[in-house]
Structure formats: structure tokens, C-alpha cells
Amino acid sequence: MLGARHFHRRHQTVIFGLHPHGEPFSLEGNVVRYFLVLLVFIGGMVSLALEMCAQRLLGAYFGSSLLIWAILIGLILIYLTVGYFIGGRLADRYPSERVLCTLTGIAGLATSLIPLVSPGILNWSVVGMSQISVSIFVASLVGSILLFAIPVTLLGLVSPFAIRLLSRSVGRSGRLSGSLYAISTVGSILGAFLPVLVLIPAIGVRRSLLLFGMVLFAASLWGLRPHWRFAAAIPAILLVLPLGPLKVIPNMIYEKESLYNYIQVTQLPNGTRQLILNEGEAIHSVFYPDQNKVLTGWYWDYFLAAPYFNQGFQKQQLKRVGIIGLAGGTIAHQFTQVYGPVQIDGVEIDPAIVDVGRKFFGMNEPNLNVYTQDGRAFLTTTHEKYDVVAIDAFQQPYIPFQLTTREFFSEIRDHLSATGVVTLNTAHTAGDYRLVQAFVNTMSQVFPDVYTFDVPGTFNTEIMATMQHTSLETFRANMEQFASANVMGQLAGEVVPVAKQGHPDGGIVFTDDRAPIEQITDQLLLHYISTSS
């Protein structure tokens, strides 16, 4: 007989199918049990893998904030809940291995189709962001997450269905269900780590989805009708076909999915290169073909002015600089060009970005020491003292919370020289300076004086705090001594007019225990979008 007709004879299950040469064959009791257990394991693995892949797929367009994670995890839990509910009822009505394998086979094919369907929806979100359209942005976000509804819901059916098929005795049902859920959870553990640590960095998120879809479908073949089995070729063929970039942007010359980021490099017609990360709404480094060009007109320039808050400062007094958030090395290049071969310790958590910096952004200064680790972890292990610590670490549009707190700035203070300055890049919107003010409040608890600079034409605000009592008058006098043709003279024209004293207002202070930086940033974004629509 074609297909997978089953019947029960005492406590034995027999499934009929076709041998590859046409002769009938059967899968009996223990063999069926092993296939079902394997299907439960792979179902658990794929369900968690889908969640991890969904985060990376969406992160390239919407970022990876707690809000996005909460929406994603919440909806996936809803899908699984629906699957559990339907699975129990369906298993009671149709207690058939063929039905279960058909459902998981469909889940495998649906998983394999996500990389093909998602680009259109995700690119729609780019239109929404460029047009500042709340409706398009939200609709594309919801639509993208709904892509995972079919496979995740169907995978929710697996465990209750398998329990029903394998339960032959009420007295052993508790042990059986516990064992199957444990097996599913072990699969989920593998599904959490395998894509993140191995597959996504090696083959990318879309091919990872194709691979998991193919594995799930293959695990369902034993219970499918023979003429359905050809469908296993679909994800296998897609796996080897060229997919193109995860996200298409103009002038792109390089892309890579790393352990931490989705990385893109663009090159303009004049040879200028830019580093784009994740959702691509900010440029993280810039490289000019003319290596003698120092100033960019962007916020990076402002870091160069930090030492001049000190009375009588001369550039030869600058001995060591720390950069947390090295990216492609723009700040390191600027300090080397202006101050000479001073020692620079650059900290970047993503080794793939370091490789991109060296390959595309000329990040090969001999005075630059690169450390691939978290910025705060680096500070707790280094014994160096710095004249300037520059913080430019973003998981756009958020600064990692551990780099924003009073305790973190206290660690920085312990690593600054007597005349040291810490400088931080943050953001504001038109008339909304809640995030800037929170940083002023926080840094004022550690440093005697805090200053802010709004970068014209952008949403960036630079904040600087000094180890000693300083003044705007000293800063302006130091900067205005340079001739206008000098690099520092040009910089003075940028920074002096926008320098302001920062004053704490008694409001929120970021601490390790409470640092709602993502919530404040989300509020800024929502306020900006709502007022701009």
C-alpha cells in the first residue's frame, strides 16, 4: 500500500510503506518509538532555532532592543500555546503518525520559505523608516514576525501529539510526558546555541533557516506518503542557490553576519567608505581615500577637543587614549593624525568588525592596540591610565546599559590621569533631551564638571566630563589659539559655538541596578516618529 496506514495490534504499531525497490516494508513498535522521539528532539531544536534566527533576521531592519525581543518572544509563546492546545485535541481525534509527520513536514517547508518571503516585507520597513511612517514600520514588523507563526505553531503540536501516540498505559503517562518534554527541551538547548555560535556566523541567518527546515522535513519523511517525499528537495535546492545580501543598500561592497552584528560596508563614487551595522540607520565609521583628511564634520571630530578643557594644555601632554567602541577605527585615525603616535587602546567586542576595519578602513596604525572584548570587562582588567577615554559603543540606537551607569563611570575615573577627560556620544531629538540629561545627572555624580555639545544637523550630543574643575572659558581660550587653517582651528569652529555647561536636574541617575536607557531611547524614537509623521 502507498502511504503510512497504521493500525494497533495489542501494544504494537505497524506502519506500511514502500521499500526503495518497490517491496512493502513495515516500521514496528520500537522503531516507530525511536522515530517519534527523534522528531520530538528535532522539533524542540527547530522551535528555539527559529526564535534565535528570527531575532537576527529582524535585527538587520528593526534593531535588537529589549522591546523587539519582548515582541518576538511574546508572539512565539502565543504560537506555541496555540500549538499545544490544538495538538492535544488533534491527537485525540487523529492519533496517527502520518498526521503528525505531515504537520511537521509542512512546518519544515514553511521554515524554508521564510528566507524567500521575508525580503519583501522587511524592505517595506526600510521604506517606513525613510518616510518616517509609523503604520508601515509597525505593519512590516508584525508581518515579519507573523512569518514564523505557521512553523512555530505546528511545532507546538509535536510534544502533545507524540505523548498521545506513545501512551499505551495511563499509569505510565506521567513518566512518558516528562521524558518527552525533557527530550524536547534538550533539543531546544541545542537550538539556542547552534545557530548563534556556529551556523549564523558561518553560513548566515537565511541559510540557517533553510538548513533547519530541511532537517525538520527529513525527520518527518518516515511517516509521509511516498509521493510527498520529493518535497525534501525544495529546502535542499534552496540551500545551495545564491540568495544575495540579507539587506540591499546602495553602493554596498561587503557584507557579513557575525556573532554580534550584521555588517555592511559601502563605498561612494569618490572612494569614501562607510561602516553600516544592523538596521543601518547610522554610520559607525568613515574612511577617506585621502589619508591626510582628518575632520569628518560629524561627531567623531569632537573627541579631539576633549583634552583642551585643561588649563594650558599642549598636545605633547597627551600620552594615552582609550576608545570603547572602536568600530572601523575612525577616532583612532583622527587622534593619530592630530596628536602623533600616542598609545591608543581600542576596545571592540566584535572581532569581525576589527577585521573589516583593517581591510576596508585603514585601521593599521602601529600605535593602536586592539582588544576584542566588552568595554567594561576591559576596564576591570587593565592597569593603564588614560588622558582621554572616548565612548562610542552602540547597538544602534542603544548604548549598552553597562556602559552608562554611575558604577561604570567610577571605573573610568579610576583609569584617568589627573587631567583626564571622558567623552561620550549620545542622542537627542528636537526639544527632547531626556537621555542627555540622564547622562549629565549620572556623570555629575562622579566628575566635578560636565559639558555638552549638540552636533549641528544631527541628533548627536557629545558629553564630556573632567577629572578636575574646569570651565568653558578655559576650553574656549585653548581652542581659539589655533589658526583657522589648522586642523584644530577648523575643529574650534565646529565645537566652540555649541559647548555648554551641563547641570544635573535631580532626575534619573543610571546605576547597575536601574538603567532604563532602552525605555528612554524608545520614548525618544516614538516621540520623534509621531511628531514627524
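Any read-out appearing in this document is the output of simple, stated calculations on the displayed coordinates, not a laboratory observation. As the structure is a computational prediction, the values presented were derived from the model and not from experiment. Using ideal geometry, Cβ is built from the backbone for each residue, glycine included, and neighbour counts are taken over all protein chains shown.
Numbers at a glance
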| item | result |
| --- | --- |
| Cβ-based exposure ranking for Ile150, Ile163, Ile253, Ile42, in which fewest neighbours within 10 Å come first | Ile253, Ile150, Ile163, Ile42 |
| Eligible lysines near Lys256 by straight Cα distance, threshold 27 Å, same-chain separation 8 or greater | Lys247, Lys359 |
| Ranked list, fewest to most other Cβ atoms within 10 Å of each Cβ, for Phe394, Phe309, Phe482 | Phe482, Phe394, Phe309 |
| Neighbour-count order for Trp222, Trp69, fewest beta carbons within 10 angstrom listed first | Trp69, Trp222 |
| Rough spin-label spacing in nm, given labels placed 7 Å along Cα→Cβ, for Tyr94 and Thr81 | 2.5 |
| DSSP bridge pairs, the stretch 293-532: antiparallel proportion in percent, nearest 5 | 50 |
